[in-house]
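What follows is calculated from the coordinates using simple rules that are stated; it is not laboratory data. Only a predicted model underlies this, so the values are computations on that prediction, with no experimental measurement involved. Positions of Cβ are backbone-derived with ideal geometry, glycine not excepted, and every protein chain shown enters the neighbour counts.
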Amino acid sequence: MLPDLDQLKATYLSQIAEADGLDGLDAIRVDALGKKGNISTAMKNLGQLDGDARREAGQALNALKNEIASAIEAKKEELARAALDARLASEQVDVTLSPRPEAEGRIHPLSRTLEEVTAIFAEMGFTVAEGPDIESDFYNFTALNIPPEHPARQEHDTFYLPPDAEGKRKVLRTHTSPVQIRTMEKIEPPIRIIAPGRTYRSDHDATHSPMFHQCEGLVIGKDIHMGHLKGCLIDFCRAFFGVDDLPVRFRPSYFPFTEPSAEVDIGCSREGGGLKIGAGDDWLEILGSGMVNPKVLENCGIDPNEYQGFAFGMGLERIAMLKYGIPDLRPFYDSDLRWMRHYGFMPFDPPSIHLGLGA
Ligand code: DAH
């Protein structure tokens, strides 16, 4: 026999209204509409009725089934909305709370200097090249026209590694110049690179550290001349020190790997004990340079009758100390936070030369 449909409807609708979770709601669905649920069972029993009675009861059962199904759907949505409201309420952020203090890092003056140097040369079309810190004698000396008995070897206070199986001793590179050789071996001219990196010499005082940094530069082409060297380095010095009319002087010098060679000085004043760059009539040496020695080009398989170029090298700590008024080199590597807070830069400070030469 059919159950009392009004009774069923009243029971289910009130159960649905009172359900307080998805699990409970699903249990009601199974009890009413599941395979063995009350409505489904009643549907199966319709066959016992006949004629009009069966049609009427069928319609009534279908209507009830639909009503219960949509009541369950509506309740489901209501429960989901309530859950979301509860989550939003519990995860509310109190924007009136004062912020917790955050530890602020600093950019090391050396990193900053390297960024600035790279930005300036990038504006002039240079790319960055790299080489290993542990070098062979060939790349560090011989290929750069510094043969075994050359006096320049003594000046470098080289750190030697223990001899290998063939008795050859590698070195910690004493300058970034070996990257010139590696670059010329690897790529065909025209070449326009800088090579910043760590360098090593057995030396330690207020302005020397056994590990320090240099930046090398190399330009090779068919008609690169001394005028290019001068223009490039004058522009660099003025952009780096931020003095438009900075006096720059090229003083004849000697390096085995360049001919002719010149050291570059910038104008400064030392009056009153303080150093002022760009004023006064004193000079300060900041880098070495020259036209690449034809022997060096030959050592790299480049025909000196077809190509020529210029090179330069500078100490990054030195130019950082000069630009930022840092008197002693040793604390650069002490990781002393007091020093970093004083000489370091805020991470989001706009770099002073963010536009390179265009600034
Ligand atoms: N390698 C030299 C040094 O360590 C610096 C230098 C001078 C590099 C003249 C050059 C150059 O490329 O042309 O003192």
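Tell me, in nm to one decimal, what length is gained between residue 52 and residue 341 on full extension, where the rule is 0.36 nm per residue of separation less the Cα-Cα distance?
Answer, rounded to one decimal: 94.7 nm.
Near residue 65, which lysines are there with a Cα under 26 Å away, not counting those fewer than 8 places off in the same chain?
List returned: 9, 35, 36, 44, 75, 76.
Report, in cubic angstrom per residue, the convex hull volume of the C-alpha atoms of region 5-90.
Output value, Cα hull per residue: 71 Å³.
With N set to the residue count of region 283-355, report its C-alpha Rg divided by 2.2 N^0.38 Å to two decimal places.
Taking N as the residue count of region 283-355, the ratio is 1.68.
Could you give the dipole magnitude of the chain about its Cα centre, charging the beta-carbon of Lys and Arg +1 and that of Asp and Glu -1, in debye to the nearest 20?
About 420 debye.
Mind counting lysine pairs for me in region 109-343? Cα separation below 19 Å, and the two need to be 8 or more apart along the chain or on different chains.
Lysine pair count for region 109-343: 5.
Over what distance in Å are the Cα centres of region 253-329 and region 130-182 separated?
That distance is 21 Å.
When Rg is the radius of gyration of the Cα atoms in region 148-188 and Rh is its Kirkwood radius, what does Rg/Rh come to?
1.04
Between residue 324 and residue 122, with labels modelled 7 Å along Cα→Cβ, what's the label distance in nm to one decimal, could you check?
1.9
With springs only between Cα atoms under 10 Å, which of 79, 337, 144 fluctuates most in a Gaussian network model of the chain?
Per the Cα network of the chain with a 10 Å cutoff, 79 tops the list.
What percentages, rounded to whole numbers, describe P(r) for the chain computed over all alpha carbon pairs with 20 Å bin width beginning at zero?
Each 20 Å bin holds this share of Cα pairs: 22, 33, 9, 12, 18, 6, 0.
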